[in-house]
1. Answer yes or no: is there a residue in the range 142-152 that is closer than 18 Å to residue 16 by Cα and without any contact (Cβ under 8 Å) to a residue 24 or more places away in the chain.
2. Exactly one condition in (1) in contact with a Gly (Cβ under 8 Å, 6 or more places away or on another chain); (2) modelled with pLDDT under 85 is not met by residue 25; state its number.
3. Would you call residue 46 open to solvent by 20 Å² or more (accessible area, probe 1.4 Å) and modelled with pLDDT under 95?
4. State which residue pairs qualify: first residue closer than 21 Å to residue 154 by Cβ and part of a helix (DSSP H, G or I) and inside the range 62-89, second residue among the small types (Gly, Ala, Ser) and open to solvent by 10 Å² or more (accessible area, probe 1.4 Å) in any location, beta carbons under 9 Å apart, and separation of 6 or more residues or different chains.
5. Restricting to the range 122-140, give me the number of residues that are in contact (Cβ under 8 Å) with a residue 60 or more places away in the chain and over 15 Å from the mean Cα position of the chain (by Cα).
6. Based on what the data block shows, is residue 96 open to solvent by 60 Å² or more (accessible area, probe 1.4 Å), free of Cβ contacts under 8 Å to residues at least 60 places away in the same chain, closer than 19 Å to residue 128 by Cβ and in a helix (DSSP H, G or I)?
7. Take the range 138-158 and flag every residue that is open to solvent by 20 Å² or more (accessible area, probe 1.4 Å), assigned to a helix (DSSP H, G or I) and either in contact with a strand residue (DSSP E or B) (Cβ under 7 Å, 6 or more places away or on another chain) or closer than 20 Å to residue 80 by Cα (or both).
8. For the range 185-213, enumerate the residues that are modelled with pLDDT of 95 or more and either in contact with a strand residue (DSSP E or B) (Cβ under 9 Å, 6 or more places away or on another chain) or among the small types (Gly, Ala, Ser) (or both).
Amino acid sequence: MTTPHQPGEYVDLTMMYAFHDGLRRDVAIIAKSAAVTGDDPTRLTATHFGWDLFKRFLTIHHSAEDDVLWPKLRGQFAGRDDDLELLDAMEAEHDRIDPLIAAIDAALADQEGGHAGLGDTVDAFATEINAHLTHEEDAALPLIERELSPADWALFADSQRNQIGLGLAPRYIPWLLDGATPERTAEVLAIFPPPLAAQYRNAWKQQYAELNPWSVEHGRS
């Protein structure tokens, strides 16, 4: 996972869309789990499955955008008010999502009464992140594809790859591809070094499905 990404002739958004698909998949699972009726605190356990992994990958992704991607674009857009306003909106949306992550963490840690407000908090989180993903896909990604150089896109990819590292790769790649179509799976695996793709096919996919109760592979969503 630490092998530098080699820039191609254009910005390839395959990984970005695959990552967004993974976020939407897990947000739906979180919302479904948190919406279980009744005041049984044991439902916190069901919601907690997969949350830490989801949160970790989301945090890595957003920090790479905030620290690498948006500043790079901001430097290119001096004097372009509309484009700068879009970057401001992307950052503001991150700022609204972060406190909701903390609120879900607090609810999951409160075994006595955390269940009471979990559903409403998760609903607010799901609304914010789904709106952000749609806004990013509709407005920011076309701008990135048009304006960012492949070399700078590679730096953004590397910033995430370096945070994930080899330690998280056995969880990250199966998480990313859980429930993906065969076509999307082939596109994504072609981006990774062949040894990692082979590890995914031969071991990591099955291990992830067995360990993660959220895994689509075993129909546990």
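1. In the first step, residues of the range 142-152 are kept if they are closer than 18 Å to residue 16 by Cα; the result is 142-152.
In the following step, the residues that additionally are without any contact (Cβ under 8 Å) to a residue 24 or more places away in the chain were identified as 142, 146.
The answer is yes; a qualifying residue exists.
2. Failing condition for residue 25: (2).
3. Yes, satisfied.
4. Going by the 9 Å Cβ cut-off, the qualifying pairs are 63/159; 64/157; 64/159; 67/159; 68/159; 69/159.
5. 2
6. On the way: open to solvent by 60 Å² or more (accessible area, probe 1.4 Å): yes; free of Cβ contacts under 8 Å to residues at least 60 places away in the same chain: yes; closer than 19 Å to residue 128 by Cβ: yes; in a helix (DSSP H, G or I): yes.
The answer is yes for residue 96.
7. Once the filter is applied, which keeps residues that are open to solvent by 20 Å² or more (accessible area, probe 1.4 Å), assigned to a helix (DSSP H, G or I) and either in contact with a strand residue (DSSP E or B) (Cβ under 7 Å, 6 or more places away or on another chain) or closer than 20 Å to residue 80 by Cα (or both), the range 138-158 yields 138, 139, 142, 145, 146, 147, 152.
8. Answer for the range 185-213, where residues must be modelled with pLDDT of 95 or more and either in contact with a strand residue (DSSP E or B) (Cβ under 9 Å, 6 or more places away or on another chain) or among the small types (Gly, Ala, Ser) (or both): 186, 190, 197, 198, 203.
The values are calculated or read from the model by the stated rules, or taken from the named source; none is laboratory data. Everything numeric here is computed off the predicted structure, so don't read it as measured data. Note that we place each Cβ from the backbone using ideal geometry, even for glycine, and neighbour counts take in every protein chain shown. Just so you know, the surface numbers come from the protein's heavy atoms only, side chains and all, with ligands and any DNA or RNA stripped out. Shrake-Rupley method; radii C 1.70, N 1.55, O 1.52, S 1.80 Å.
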